[in-house]
Amino acid sequence: MMIKFGLLGSSVKNTQNYYVTHGMGYSIFKQLQNELLQEITVFVPIDSKTKINKINLKNLSRQKKKLSLYYYVSLSLGEDETKTLGNIVTKKVDNKIVCSNLCEDDFKSEIIITSNKRISDYTNSKKEFIGDYISNPEGIYKEKWKVESDVSYGNMVAIKIDIDIDEFAEEEVIITLGVDNIEFDSKKVSEELEKVNSYWYERTNKLRVKTPSETMNLLLNSWVIYQTIVSRLFARSGLYQSGGAIGFRDQLQDCFGMKFIDVELLKNQIRKCAKHQFIEGDVLHWWHETTGRGIRTKFSDDLLWLPYALIEYIDFTGDYEFLNEGIPYLEGEKLKENEDEKYDLYREMPQKETLFMHAVRAIEKSINFGEHGLPKIGSGDWNDGFSTVGNKGKGESVWLGFFLYDILNRFESILKYEYAEEYLKRYELIKRELKKSLNAEGWDGLWFRRAYTDDKQILGSIEASECKIDSIAQSWGIISDAADNDKKYHSLNSLENYLIDKQTGIIKLLTPAFNKSNLEPGYIKAYPVGVRENGGQYTHVCCC
């Protein structure tokens, strides 16, 4: 947003202070310059797909001001801006600028830019408006703009609004950007902002945590809840990863803690994930809601988060009837022997089965043990970076063994409810043998190993120069109650000695980080030492 002062010069290059307030569902930006108080409130209504910019301008001088306000938008309207370059059509219809993608089948929505004030000019030419420097656009010095034809070769739109403000007067300008063809006047904008405030107050006021630290209370009672819902569940975006896809395991995990806020979030996520499971039991690692496209992989843990989430939901609500809800499967070509993943559009099968059977199919698919009696890791487990530990079909995961054991143990109440005696007896036998393997083949002497590779190398061994010890193998030995009592004590003692870095105040995922050894566990090794999974602290929002 840029404001040009017809009488006082351009405000694009200025060193004035801005005052920014970030609230739940909105942000406010304030600045005072040249006797003009500017305040912009930005938010998206609860039931709309339109971004609202509410601009309040107050003339504090004794002179009438003639202003020009500029709104600039960089357009993508597809997966990647470089792929849509030259394919975006813009046209002015009444007081609206309508933008659409000519060639992208998956993004057919028209984007509308409009205002409660008259749009005096617009351009779709980056050369016309930006020129050489975005910090000082050439377009603000031109009386009239050119339009490149209907097609925007710069993937952009800029609009101009001329405003006159009398001395000591105020003016409100509303600019909207979105897919909804809705007129937002001042009254409606105020109503929608009030709805946003009420919505987030009601959601975040359901949980109250009291600690001696007021800042901690504010964080836990408000911002962690808000950020989990907005960033993780709505936007699927983060500081280092902004893809917008729904992760099968990721968003289920995000919902575990949110059950205290709104258990329907967890319930609906279970439904959504079950619809992205194949009848063979495996699932899409992630998918995009807008296109329906996703990636089928050989990750070994994704599918198990479905029964785990179902257990979490039923333990919390007692709603066993949910098990009987019919959910369809996806269908598509199975992955070949040497194929780790495939991105495609997979179709929904007409066949439906109960959520109980969806969970059973996931468990049955996971009961696939290697020569050490541990579950095969495939092309990765909870640590995605272990992409080549077992992608040839032989590597095994110790952590996955603990995770599967925990699910088999907690799934018993569901099996009893369903009178599934055959599964109950079979899983009890598998669970018993798995516990033996975990405490024998998974034990390294002072802690639990992490995995066996396809070529029988050991991750998480005292003899290894890198990844001697991994934290989740130790912690899940306790969580699952599968570790022998003496091993629980020794493994946590080792975790404290090796993985708690008191100097930096973190608990490392593993140590030493992968760097120069002959171990080739996968793309985790491409991360710098101490970053993300490779020896850093990897904390997943509100998981478990």
> Name the residues in the stretch 435-466 that are within 24 Å of Asp481 (Cα to Cα) and assigned to a loop (DSSP other than H, G, I, E, B), would you?
Replying inline: Glu441, Gly442, Asp444, Gly445, Leu446, Trp447, Arg449, Arg450, Gly460, Ser461, Ile462
> Does Thr291 meet the test of being buried (at least 23 other Cβ atoms within 10 Å of the Cβ) and of a type in the set (Ser, Thr, Tyr)?
Replying inline: no
>> Of the conditions (1) among the charged types (D, E, K, R); (2) within 18 Å of Thr297 (Cα to Cα); (3) crowded, with 21+ Cβ neighbours inside 10 Å, Lys275 satisfies every one except a single condition; which number is it?
In response: (3)
>> Return the residues of the stretch 54-69 that are part of a strand (DSSP E or B) and among the small types (Gly, Ala, Ser); say none if nothing qualifies.
In response: Ser68
> If you take the residues of the stretch 31-49 that are in a loop (DSSP other than H, G, I, E, B) and within 36 Å of the chain's Cα centre (by Cα), which of them is surrounded by the most Cβ atoms within 10 Å (Cβ to Cβ)?
Replying inline: Pro45
>> For the condition aliphatic (A, V, I, L, M) and within 30 Å of Thr228 (Cα to Cα), what is the one hit in Ile507, Ile462?
In response: Ile507
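Among the residues of the stretch 280-298, which ones are out of contact with any Leu (no Cβ under 8 Å at 6 or more places or on another chain) and either more than 22 Å from Ile229 (Cα to Cα) or at pLDDT 95 or above (or both)?
The initial filter retains those residues of the stretch 280-298 that are out of contact with any Leu (no Cβ under 8 Å at 6 or more places or on another chain), namely 280, 285-290.
Matches in the stretch 280-298: Glu280, His285, Trp286, Trp287.
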>> With the structure loaded, tell me whether Asn95 is crowded, with 16+ Cβ neighbours inside 10 Å and at pLDDT 80 or above or whether it fails that test.
In response: no
> Out of all the residues in the stretch 375-393, is one or more polar (S, T, N, Q), touching a Ser or Thr at 6+ places or on another chain (Cβ under 9 Å), touching a residue at least 12 places away in the same chain (Cβ under 8 Å) and surrounded by fewer than 19 Cβ atoms within 10 Å (Cβ to Cβ)?
Replying inline: no
>> I need the helices (runs of 4 or more DSSP H) fully contained in the stretch 185-291, keeping only those with at least 2 residues that are assigned by TED's automatic domain parsing to the domain that holds Phe107.
In response: 186-204
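The values are calculated or read from the model by the stated rules, or taken from the named source; none is laboratory data. What you are looking at is a predicted structure, and each value in this text was computed from that prediction instead of being measured. Methodologically, a virtual Cβ is constructed for each residue, glycine included, from the backbone with ideal geometry; neighbour enumeration extends over all protein chains shown.
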